[in-house]
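Below is one structure, written out as structure tokens, with a few remarks after it.
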Amino acid sequence: MTVDNTTSEKSNLWSTINQSLRQDILPVLTDLRLAIVLLLVIALFSVSGTVIEQGQSLAFYQANYPENPALFGFLSWKVLLTVGLDHVYRTWWFLALLIFFGTSLTACTFTRQLPALKAARRWKFYDQSRQFTKLALSAELDVDTQNDSLQKLTQILQNRRYKVFQEQDKNNVLYARKGIVGRIGPIIVHIGIVVILLGSIWGAMTGFMAQEMIPSGNNFQVKNIVDAGPWAATQITKDWTLRVNRFWIDYTSTGSIDQFYSDLSVLNSQGEEVDRKTIFVNQPLRYRGVTFYQTDWGLAAVRVRVNKSPIFQLPMAQLNTNGNGRIWGTWIPTKPDLSEGVSLLAKDLQGTVLIYDATGKLVDTVRSGMSTQVNGVKLTVLDVVGSTGLQIKADPGVPIVYAGFALLMLGVVMSYFSHSQIWALQTDGCLYVGGKTNRAQVAFEQEVLQILERLSSQQKIEEKAIAS
């Protein structure tokens, strides 16, 4: 008895939950107003993620979004970081909005769109004349009882790409339809949007973005991760590396930068080259779902010789110019005890180097490959080594998003097809014809009139032929 009571209680509980789901939750989820509000909120925060720089350092947000004065009176760096506007697309609340919106679309698809499609696929014959008066468009024609007008109407409808249905035991009724694809279109649209949302969520959870500044000639692995999803570890390169074979800049005749290039090689774990490409702005390298963009450049080092010494490669650091251009500098000792030296400054890879003594006086200006006398030694500047700035991104959700957009566009095109239905009944010397459509009402009325005119003209031709 106890087991039976427990089973009965569980059954009643599930019945209550199911009833609550159908009566309370589903009407809310499938409400069009809710879907519109969710879509607007998602669009609003997506715009904020585009306007507000994502994945920057704390110092960046403190400098650009100060507390006093706060942007719009409230948006300071503290608010921005607390809410998560520095990484909008990976916050729990943004992902929750996407899931909620996708759930609403899915519920609407199963409770409204699929039943509407099933209803459209079913056909029902009208075998009484009064049924035609309920249609938005209907007509009554006088026909000869011996004249098979229904058969002629069938041929006309088939010529206009209607699918005609007739019952074997009822040869006086007819049902025809076309454009059923228009009923499938909204379902495809919903599926496309849900796929886009799934792709966005997957990309946010598994994607990452990194930035690297690599000197020409160096190998590197992706390490400087700026932003990454919680499941991004599988996407970050571990069994292959990249080598910057060469970095160079093309200049215009006026000395300004025309374009900068990086010759990159992908190396496997054995150090063998498996891919190679010269990248520049808007022409990245893609390998195993990771994309390497050319975004920046700098000066990494200078190669010099003092008298007949070995070649030294000394790193160069970017100097603070308070926004007046970019300059890199380094210090070169001219005595073994480092008691004397000179400073080298350069602003680009065109090879011009400025040499200053300890008092800050300009000693000489040389180009790559040239020598000069400073502090009693011969200083030869062999080369200025550039470094390439790469932005590295992986977003496994992009193919899914593209597939979703393709489905969305297909569904939109399919939705433009009108679902048109026509019924006909021949009885007591009359032919009743009526129809309805879900869109393009005027065009449908014109089509029905043309069908009736075509049918009438055929009847007149046959009557003249019989009379003669």
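The values are calculated or read from the model by the stated rules, or taken from the named source; none is laboratory data. These numbers were taken from a predicted model, which means no experiment stands behind them. Every residue, glycine as well, gets a Cβ built from its backbone with ideal geometry; the counts of neighbours run over all protein chains shown.
Of note:
- Those helices (runs of 4 or more DSSP H) of the stretch 24-69 in which 1 or more residues are within 16 Å of LEU97 (Cα to Cα) and not hydrophobic (A, V, I, L, M, F, W, C) occupy 32-51.
- Residue within the stretch 127-144 that is charged (D, E, K, R), in a helix (DSSP H, G or I) and closer than 29 Å to PHE417 by Cβ present: yes
- Among the residues making up the stretch 363-414, those that are free of Cβ contacts under 8 Å to residues at least 24 places away in the same chain, of a type in the set (Val, Ile, Thr) and within 17 Å of LEU349 (Cβ to Cβ) are THR365, VAL366.
- Pairs meeting the criteria (first residue in the stretch 218-246 and in a strand (DSSP E or B) and surrounded by 14 or more Cβ atoms within 10 Å (Cβ to Cβ), second residue of a type in the set (Phe, Trp, Tyr) and modelled with pLDDT of 85 or more, beta carbons under 7 Å, at least 6 apart or on different chains) are ILE225/PHE208; ASP227/PHE208; ALA228/PHE208; THR241/PHE220; LEU242/PHE220.
- Restricting the search to strands (runs of 3 or more DSSP E) fully inside the stretch 360-402 and requiring at least 1 residues that are more than 15 Å from VAL304 (Cα to Cα) and in contact with a helix residue (DSSP H, G or I) (Cβ under 8 Å, 6 or more places away or on another chain) gives 377-394.
- Just one of the listed residues (GLY289, GLY199, GLY203) is closer than 19 Å to PRO396 by Cα and touching an Asp or Glu at 6+ places or on another chain (Cβ under 6 Å), and it is GLY203.
- For the stretch 112-160, a residue qualifies if it is at pLDDT 85 or above and of a type in the set (Ser, Thr, Tyr), and the qualifying residues are TYR126, SER129, THR133, SER138, THR154.
- Looking across the stretch 320-331, the residues that are out of contact with any Asp or Glu (no Cβ under 9 Å at 6 or more places or on another chain) and at pLDDT below 90 come down to ASN320, THR321, ASN322, GLY323, ASN324, GLY325.
- Only one entry of ASP383, ASP357, ASP428, ASP337 meets the criterion of being surrounded by fewer than 19 Cβ atoms within 10 Å (Cβ to Cβ) and not assigned by TED's automatic domain parsing to the domain that holds VAL244, and that entry is ASP428.
- Extreme residue, farthest from ASN438 (Cα to Cα), among residues of the stretch 80-124 that are among the polar types (S, T, N, Q) and surrounded by 14 or more Cβ atoms within 10 Å (Cβ to Cβ): THR91
- Filter result (over 30 Å from ASN219 (Cα atoms) and in contact with a strand residue (DSSP E or B) (Cβ under 7 Å, 6 or more places away or on another chain)) within the stretch 376-409: VAL377, LYS378
- If the condition is being loosely packed, with under 13 Cβ neighbours inside 10 Å and among the charged types (D, E, K, R), then the stretch 249-270 contributes ASP250, ASP258.
- Criterion (of a type in the set (Val, Ile, Thr), surrounded by 13 or more Cβ atoms within 10 Å (Cβ to Cβ) and over 49 Å from the mean Cα position of the chain (by Cα)) met by exactly one of VAL164, VAL173: VAL173
- A single member of VAL342, VAL384 is closer than 27 Å to VAL244 by Cα and of a type in the set (Val, Ile, Thr), and it is VAL384.
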